[in-house]
Amino acid sequence: MRRKDSFQSYQEIISVKMVIILQMINFIDEDDEDDKEDGDEGILNFYDKKEGVQSRRFSKLCVKNFFTVLLILIYLLLTAVAAFLAYQTISEVLEKLKNPVMSVTYQEVDSFPRPGIALYPGNAQLLGCSHYYHNDIPPLVDPGKPQEIDCVVTEVAYVGPFSSKAEKRALVIQGPSEVRSKEVVFMQFSSNETGEDFSAIRYMIFADFSDLMASQNKSRFMRECERNCSRWTFSGGFRTWVKMSLVKTFGKHNVSVEFRQETAVVKFNDRRPASEQTNQLYFAVFQWRDPYIQQNKMIVTANPWSSIAILSGVFMALFKAANFAKLTIQWIIRMRKRHLRNKERELNPVT
């Protein structure tokens, strides 16, 4: 009985010890599992943090690249605008240099050089020529009869510039000068040619009568005047009042002088006897219109200094844009190299 009791007690002790050992083993296993779970969670948290950092880096890099590309596009647009502005400025300057504009100014004078009035009377005869002032022309006395001639008159015969055979006879009279005193030159012609359909006397005006008197070859001088001057006419049976104005045009190498005129025609009331009315009478009055000389000059409206300033600003913008593009490309290459190094560094621990 003692052996049996001792054996049972021994078995109970062994069973108790086995239970304790099993419990200890279970506890250790549970601790190992907990430690393993804790380790796995730490590793996962580490990778999660790493992935978060990488995602933030990637988002920042995307934002930087987006703004970099946007800035490059803006600079390219500004460069295109600057290039177009430079082209437009150069084109406008060249166009204005090719097509200068006419500048008109007026010079006020007290008196004019006495012009030369060249008349081609044909068979008509100069009856009278006088200078009057303040538009005060006295009434006609014995029209058709020779009158007093107190004008400077010279006769020139020459061959015309457009015909090599016909000789012309020009009667050149010194014109008025005192514009403030309203000086006029009144002249009267008579012609007995009744077989013509129309009766008129041609004339032309050149700049200075003294040039003709000082010329050694008056025929050549008159030929050049006829080549360059315009010609007008006044009709018989009328009084033609000619108001002259002087226009000077300045060219690149010479100055041209042109006369412009306004005419007023008044019918002559012929009260002569019927036997004398077969002779046609011509009356002409020459006067300066106003005390101004019109001066025409060709000017270039392009301002070189403003064009140079615009081109300087344009080229500076182009230079800045090129410099920015160079720095941007260098920055992109540097960022690309840094990204490759970081990627290679991340792949090394994995391998």
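Couple of notes before you dig in:
- All Cα-Cα distances of segment 58-200, cut into 5 Å bins from zero to the largest, leave 2, 7, 9, 10, 9, 8, 6, 6, 5, 4, 4, 4, 4, 3, 3, 3, 3, 3, 3, 2, 2, 1, 0, 0 percent in each bin in turn.
- Computed label-point distance, nm, for sites residue 258 and residue 216 using a 7 Å Cα→Cβ extension: 3.3
- As a ratio to 2.2 N^0.38 Å, the alpha-carbon radius of gyration for segment 173-324 is 1.78.
- Compared with the direct C-alpha span, the chain from residue 295 to residue 92 gains 70.4 nm at full extension, assuming 0.36 nm per residue.
- Per-residue extension of 0.36 nm, minus the Cα-Cα distance of residue 232 and residue 348, leaves a gain of 31.1 nm for this segment.
- Working note: Cα atoms of segment 161-263, range along each principal axis, descending, whole Å: 49, 42, 23.
- Taking the 1.4 Å solvent-accessible surface of segment 119-180 as the whole, the part contributed by carbon and sulfur is 48%.
- The calculated FRET efficiency for residue 267 paired with residue 123, based on their beta-carbon distance and R0 = 25 Å, is about 0.60.
- Filtered GluC sites (Glu not before Pro), segment 131-187: DSSP coil and at most 16 other beta carbons within 10 Å: 148
- Value of D in µm² per second that Stokes-Einstein yields for segment 276-338, Kirkwood Rh from Cα pairs, at 10 °C (1.306 mPa s): 81
The values are calculated or read from the model by the stated rules, or taken from the named source; none is laboratory data. As the structure is a prediction and not an experimental result, all values here were calculated from the model. Backbone-built Cβ (ideal geometry, glycine too); neighbour counts: all protein chains shown. Each accessible area value is taken on the protein alone, full model and side chains, heavy atoms only, with ligands, DNA and RNA left out. Shrake-Rupley method; radii C 1.70, N 1.55, O 1.52, S 1.80 Å.
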